[in-house]
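Bear in mind these aren't lab numbers, they're just calculated from the coordinates by the rules spelled out. Remember, it's a predicted structure, so these values are computed and weren't measured experimentally. Cβ placement follows ideal geometry from the backbone for every residue including glycine, while neighbour counts extend to all protein chains displayed.
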Amino acid sequence: MTLEQAKQTQRRQGIAARRALGPEQRRAADAAICAQIADLPAWQQAGRVLGYAAFGGEPDLSALLEGQPGRLVAWPVCGAACTMTAALPAAQDGWETGAYGIRAPVLERAEILPPETLDLILVPCTAFDAACHRVGMGKGYYDRYLPRCTAAAVYGVAYEAQRVEQAAVGPLDVRLDGIVTERGIYRWK
């Protein structure tokens, strides 16, 4: 099996695992994940956070991310050539349905946070392992963006059901500082 085939298999299985969670199980897991993140020193010290809008059964962090006084929470905007921008939505008419049908700030009206100014980045995963490797959706947006985030702690977010023994990763896949699930936090450092 090639690396790409292994990634596709893990991607399909991880997406199926997260979509298989029932509504009650999902709500409880989302609340536990939000609590785990809130306890992270990286969260408590962060002034500038890049979150994400849950899509396709991803853990929903909106209860944690929305309405954070004293903290700037940006959202990813996917652009041409698999580029990504961290954007703060405008107060009025600041949201649209962006690439892939994901809720995103309207870039023309948003404030852009340069990647090197971010303190914490929360990254959705389709699969992950205990060594903090992740499999994403396959386009490489985060793997291109994260190396530019020189000051940020980077944590993946997933349900425990998405864990694999060894994530299918290649040389361009960025290892994360940790992975947060409803059961705890995996760290490799």
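Tabulated values for the structure
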| read-out | value |
| --- | --- |
| Per residue, the convex hull volume that the Cα atoms of region 3-187 enclose (Å³) | 114 |
| Residues with amide H under 5 Å from that of Ile121, placed H, sequence gap 5 or more | Leu50, Ala153, Val154, Tyr155 |
| Gap separating the Cα centres of region 130-165 and region 89-119, nearest whole Å | 20 |
| Packing-based exposure ordering (other Cβ within 10 Å, fewest first) of Arg183, Arg11, Arg18, Arg109 | Arg183, Arg109, Arg11, Arg18 |
| Cβ-defined net charge surrounding Ile33, 13 Å radius [Lys, Arg +1; Asp, Glu -1] | -2 |
| Net charge of neighbours whose Cβ lies under 14 Å from the Cβ of Ala80, counting Lys and Arg as +1 and Asp and Glu as -1 | +2 |
| Ellipticity estimate at 222 nm from DSSP helix runs (n ≥ 4, -39,500 (n - 2.57)) divided over the chain, nearest 500 | -7500 deg cm²/dmol |
| Hz values of 3J(HN,Hα) by residue in region 135-142 - Karplus curve (6.51, -1.76, 1.60), Gly and Pro given as x | 10, x, 7, x, 8, x, 4, 5 |
| Ranked list, fewest to most other Cβ atoms within 10 Å of each Cβ, for Lys189, Lys139, Lys7 | Lys189, Lys139, Lys7 |
| Shape of region 144-189, Cα gyration tensor, a/c cut at 1.5 | oblate |
| Proxy reagent accessibility, fewest Cβ within 10 Å first, across Thr85, Thr150, Thr9 | Thr150, Thr9, Thr85 |
| Under Karplus coefficients 6.51, -1.76 and 1.60, residue-wise ³J(HN,Hα) of region 2-12 in Hz, glycine/proline x | 6, 4, 5, 5, 4, 4, 4, 4, 5, 4, 4 |
| Phi-based couplings in Hz for region 167-175 (Karplus 6.51, -1.76, 1.60; Gly and Pro marked x) | 5, 7, 10, x, x, 8, 7, 7, 7 |
| Proximal charge balance of Ala130 [Cβ under 14 Å; K/R count +1, D/E count -1] | +2 |
